[in-house]
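Derivation of every value follows stated rules applied to the coordinates shown; laboratory data play no part. Note that the structure is a prediction, hence the values are computed from the model and not measured. Cβ sites come from the backbone with ideal geometry, for glycine too, and all protein chains shown count toward neighbours.
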Amino acid sequence: MTNNQNEPREFDAVLGGETPPIRDAVLGGIEGVKRRLVSPNIEIRIAAVQDALNYQAEGLNLIIQSLHDRSRKIRQTAYHLLRDRIEPQVKQVLQKYKYWDLFERIDETLNSGYIYNTYKKFYNRQVASYDSQIGLQNPAEKAYVLDDVVYDDITSFLKEPEVNKVEALIFRGYYDLWRILPPNILKNIKALFYGPYDIDYQISWTTIQDISLILKAFPNLEMLLVRGGDDCRIYSEPWEKFISLRHEHLKALIVETGGLGRDKIAQILSLQLPALEHLELWLGSDEYGGNSAIDDLMPIFSGDLFPNLTYLGLRNSEYADNIAAAVVNSPIINTIKVLDLSMGNLSDDGAEALLNCPAVNQLDILNLYDSCLTEEMVERLKLLDIEVITDTLKSSEDRYCSVSE
């Protein structure tokens, strides 16, 4: 039996159809995979990435290289093939890969529900609850969950010999984490989830933490996800200590709430975040503090505020139609690759504005998951030459945002 990787196999593609003429070439072996990876046909390239997995180390290297392909679909295919593999070189590459640049950020909402999204992976690290009886194991490869209710665990965590190797942290609690963790740990954290993490907490029971103080405390943070409520009348206190600052490294800012107030939106937009690529705000219901309006978001739409932005998510909004109309008439529609208006009350009127904008066809993804669209409008949206997500529609009469309590 031969191990020649250049010989065609049963899964190799053939040029010229099922019964090719003699002049047509069989695209077999690893060389055939390489040739198909530069094809102008995206489907052929996707198949080539998938086939590369059959060619051991050399094929694996081709998949790793495909993580940086110009096509989002190729990057997505490569990521899915690699995400659960255990080879050291794969783990090393994925730890440095831009998690928020992929479909997975959207997919988590589709698969895990709106509020109690307990990640299996966070920042491309396996999520693990910290257990003081076990201690840290491969800390650079884990995103550890800490709970401020179990304070003894926090104390043990801080005493771990390899605690400085932890780069991703999920803190399920109420307190100011930066008052607990010493500076030598804070500076190493690159990804932080802060707030209620599972069904033990309602999203409105906790206030979202002061983002400016978090960023000041974590100077090398690349990804920040905060979750909680913002009902100023009952639950939360104003960010009296909020400081407008510049943070050089933050690339993804995600604020998940059932109601985000206009004052806190203004404070977020006063931050200088030159590296920001992913901005995601859950705007929510006025009943839970979401008292913003389209004018509060206008600084985003110029494209000047966050010049490197590729993903704009203004989700869970009661005025999604107004957002759609503003975005398509603004410069930012020409620079972003993902527009996410999901979980809000977007109707056919807002979708019509999107359809009438030629620049929408330059997006990679238009996410309208759990909107208030008719089936007729969904069929029209499917004609766009981009990926359009319209799963789980509300009734067109039910104009509400998906997450409030």
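Using the Cβ atoms and a cut-off under 15 Å, what net charge is assigned to the surroundings of M298, where Lys and Arg are +1 and Asp and Glu are -1?
On the way: positive: R262; negative: D295, D296, D304.
Summing Lys and Arg as +1 and Asp and Glu as -1 gives -2.
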P(r) weight above 16 Å for the stretch 287-405, C-alpha pairs, percent = 56
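Of the peptides 340-346, 324-330, how do they stack up when ordered by the mean number of other Cβ atoms within 10 Å, highest first?
Details: 340-346: 26.7, 324-330: 19.4.
Ranking, from highest mean packing down: 340-346, 324-330.
On full extension of the chain, what length is gained from Q272 through E248, given 0.36 nm per residue of separation minus the C-alpha to C-alpha distance? If you can, show how the numbers build up before the last one.
Values: separation 24, 0.36 × 24 = 8.64 nm, distance 0.82 nm.
Result for the pair: 7.8 nm of gain on full extension.
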Work out how much length K96 to K121 would gain on full extension: take 0.36 nm times their residue separation and subtract the Cα-Cα distance, in nm to one decimal.
-> 7.6 nm
Note: the stretch 248-311 at 4 °C, 1.567 mPa s; Kirkwood Rh on alpha carbon pairs; Stokes-Einstein D in µm²/s works out to 107
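Give me the Å³ per residue figure for the convex hull around the C-alpha atoms of the stretch 33-93. Mind dumping the intermediate values first?
On the way: hull volume 4.1 nm³, N = 61.
In the stretch 33-93, the Cα hull volume divided by residue count equals 68 Å³.
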